[in-house]
């Protein structure tokens, strides 16, 4: 079994003088990335892959820092402005020894990726994290026909509400 954590980047500033690739997170986005990082404390991914876009890299770094994980973020251009076949190709080249993998990137690709892997529509809001378990022993076997399960879908607002109830 392999666990794939699919993390859509947190809220970024709208287009302005900055290119899409270089858009930074908003203040809310930074807080949401940290909120999701607290969730990652209990999951502890072994490897992290991120789109090269600033908003994705910052989301990954903030979440990992909050989770107190020292895992390095490997930035891949293939995860920016990409499609399902290219994402699957990246995933299929992850080492077999990795049991839990976190990828950070963008919609609409992430929404389509999760939906494809679990064979039903799944909405990926900004800053959301989907936890997908695939019944495979090697990432090279992950493809559209893999009968994966969605075991968790978390949004920053869910965690904020949960945290407020216990303050």
Here the tail fraction of P(r) beyond 29 Å, over all Cα-Cα pairs of the chain, rounds in percent to 13
If one builds a Gaussian network model of the chain from Cα atoms under 10 Å apart, the most fluctuating residue listed among 120, 55, 41 is 120
Most fluctuating of 157, 12, 63 in the GNM of the chain (C-alpha, under 10 Å) is 157
Put in order of increasing Cβ neighbours within 10 Å, starting from the fewest, 113, 153 give 153, 113
Treating every alpha carbon of the stretch 76-124 as one equal point scatterer without solvent, the Debye formula yields log10 I(q)/I(0) values at q = 0.15, 0.20, 0.22, 0.26 Å⁻¹ of -0.40, -0.70, -0.83, -1.08
In whole angstrom, the spacing between the Cα centers of the stretch 87-119 and the stretch 1-61 equals 15
Ranked from fewest to most other Cβ atoms within 10 Å of their own Cβ, 35, 44 fall in the order 44, 35
per DSSP, antiparallel bridges as share of beta bridges in the stretch 1-124, % nearest 5, sits at 5
What helix-only [θ] at 222 nm does the chain give? Using -39500 (n - 2.57) per DSSP H run of at least 4, over all residues, to the nearest 500, the answer is -10000 deg cm²/dmol
Residue separation between residue 151 and residue 41 times 0.36 nm, minus their alpha-carbon distance, gives in nm 37.9 nm
Fewest to most Cβ atoms within 10 Å: 154, 7 sort as 154, 7
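Only the coordinates and a few stated rules stand behind these numbers; no lab work does. Since the model is a prediction, treat every value here as computed from it, not as a measurement. Ideal geometry is used to build each Cβ from the backbone, glycine not excepted, and the neighbour counts take in all protein chains shown.
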